1. If each Cα of region 272-418 is one equal point scatterer, what is log10 of I(q)/I(0) from the Debye formula at q = 0.11, 0.16 Å⁻¹?
2. What's the exposure ranking of GLU334, GLU439, GLU488, going from fewest to most Cβ atoms within 10 Å?
3. Just subtract the alpha-carbon distance of SER496 and TRP134 from 0.36 nm times their residue separation and send over the number in nm, one decimal.
4. Tell me which lysines have Cα within less than 20 Å of LYS527's Cα, excluding those fewer than 8 residues away on the same chain?
5. Convert 10 °C to kelvin, take the viscosity as 1.306 mPa s, use the Kirkwood radius over C-alpha pairs of region 377-515 as Rh, and evaluate the Stokes-Einstein diffusion coefficient in µm²/s, rounded to a whole number.
6. Give, rounded to the nearest 20 debye, the magnitude of the charge dipole that region 351-416 has about its Cα centre when Lys and Arg contribute +1 at Cβ and Asp and Glu contribute -1 at Cβ.
7. Starting from the exponent 0.38 and prefactor 2.2 Å, build the expected Rg for region 441-554 from its residue count and divide its actual Cα Rg by it.
8. State which entries of LYS90/LYS159; LYS516/LYS549; LYS90/LYS307; LYS427/LYS486 exceed 23 angstrom in Cα-Cα distance in the structure shown.
Amino acid sequence: MLAIALMVMVAGAKSAYPIVVNWASTLLKEGAPEAMRLVPLGLIGVALVSAISLYGQILITNGIALRVTAQLQNALFGHLLGADFGQISKVPAGQWVSRLTNDVNLVREALTRVLTNMVRDVLIVLGSVGVMLWLDWLLALLIFALYPLATIQVTRIGKTVRDLSTQAQAQLGRMTALLSESLSSTRMVKTYQLENHEQDRAAASFEERRVLGLKLVAKKAQIDPLLEIAGGVAFAAILGFAGWRASTGGAPMVTLLSFIAALAVMAPAVQALGSLNAVWQEGLAALERIFTVLDENPTITESPDAKDVKVKQGAVQFAGVSLSYAGDIAVLDEVSFTAKQGQTVALVGPSGAGKTSVLNLIARLFDADGGEISIDGTPIKSMTLGSLRSAIALVSQDAVLFDGSIEQNIAFGRFGASHDDIIAAAKSAAAHDFILEQEFGYDTQVGERGQRLSGGQQQRIALARALLKDAPILLLDEATSALDAKSEALVQSALSEIAKDRTTIMIAHRLASVRKADIILVLDSGKIVETGRHNDLVKADGLYARLAKEQFGA
């Protein structure tokens, strides 16, 4: 409300200029030179009111726009964090970053311009129109007949700008994803000498960006010339019409000068509104992309009667569970098994057999199409997501580390854990010794995605994080694949001790790591085709035996 009041003051001050001009012309005509001394003071007063009001209005409106866009970013990021795993993973991270930054920036620019310029310029136009009607309603009608002709074309251009802006923002998202992918894969790019290939891909994307940008600029550039022509034609019409009326004894020259001053105040405001339309259309296109995400409801949700369940034993049961992606690609078919507290269940089989899908279903990253999954006899769909996932610790093949210290990355397993607890978890994961060898020990910065550490070191820190969580269910997705033989032996020994008190479900391609598993489930094409222990499955001479022969040579 304060911003609007200040806009009214700015518009009123600017609309007062023609009145001051009319007053000065009248004083000159009446021959009152002493009174003319008040005219400069009047002009300075009008300018001061306009300047002070304008400064306050800009501060307030920009503050509003920045607060709104910050809230929009928070809403979008929060929605993405709460969205389905499948919804997030199907789009490259670079495109999400583009919506959070570039799209939101376009919304901020549009909002800032609208709050700062639109109301003020509309008020200036209305004020100028009022003064024109007061000065000479016939000349005012002539202006009203000319400007709408240009406005129709400006509106058409605005619609085209919106379409082009939508294309440009989508392309920018793809370009951001491409650059992020290339720069995060420099090791492979250099090893395989893909520099020229990546350069060509980037150059093609930059060229596409340039062409779309040029089209956008070309359309927006049409607006000002159109309004400039309209202003010129209006000025010429005023002079021609006023000259004809003066020759026939019509309106006096004082009125003409004041009318021209009113037109001079109104014309820039009309031009600014025309340019604002293009910015507004860009902002609307960006906002549409953002709300497309915000309006997409997650499918992995809690039931209204979901309960906070304290998982104690962590026994996991699959009963006839089936899963398909995209509605028709079968991943799991009638999978049934039970993993009791203290047991280690290993999932083995060829790539694409559905092993990772089993782990994803336990954490409800996806929901099964059929069958039921329960923990300690409670269906996981009747549990709150918070209570379910607090009972699960996950270590994946791709260790995920955040830019921070080693201690911070381990502490993510349990916020508020003591330094001694963190050290104990690191020792269990065979990470303590190499951490102490670092220059700053547990305070060593790991870098983005842990790039300052080796793959084996990253995985041991991720394992320490999972152990610190001390969850009753431990999911291991190729958790030791990046470890050397010595570290793997140490970690396997630690896991054997830890697994005694919890349910461990592990995926392993290296069969040496599953020999001691209590149960080995052999999956093939989404079905469990064999079940047993290592020695029994080798004797059975089935799929597991063939996999063992490929790895062990016997």
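Laboratory data are not the source of any read-out in this text; all were calculated from the coordinates shown. Because the structure is predicted, anything quoted here is derived from the model rather than measured. With ideal geometry, Cβ positions are generated from the backbone for all residues, glycine too; neighbour counts draw on all protein chains shown.
1. Log-scaled intensity ratios, in q order: -0.62, -1.03.
2. Taking fewest neighbouring Cβ atoms as first place, the list is GLU439, GLU334, GLU488.
3. 121.1 nm
4. LYS355
5. Rounded, D is 104 µm²/s.
6. Its charge dipole is roughly 100 debye.
7. Rg over 2.2 N^0.38 Å, computed on Cα atoms: 1.22.
8. Result: LYS90/LYS159; LYS90/LYS307 exceed 23 Å.
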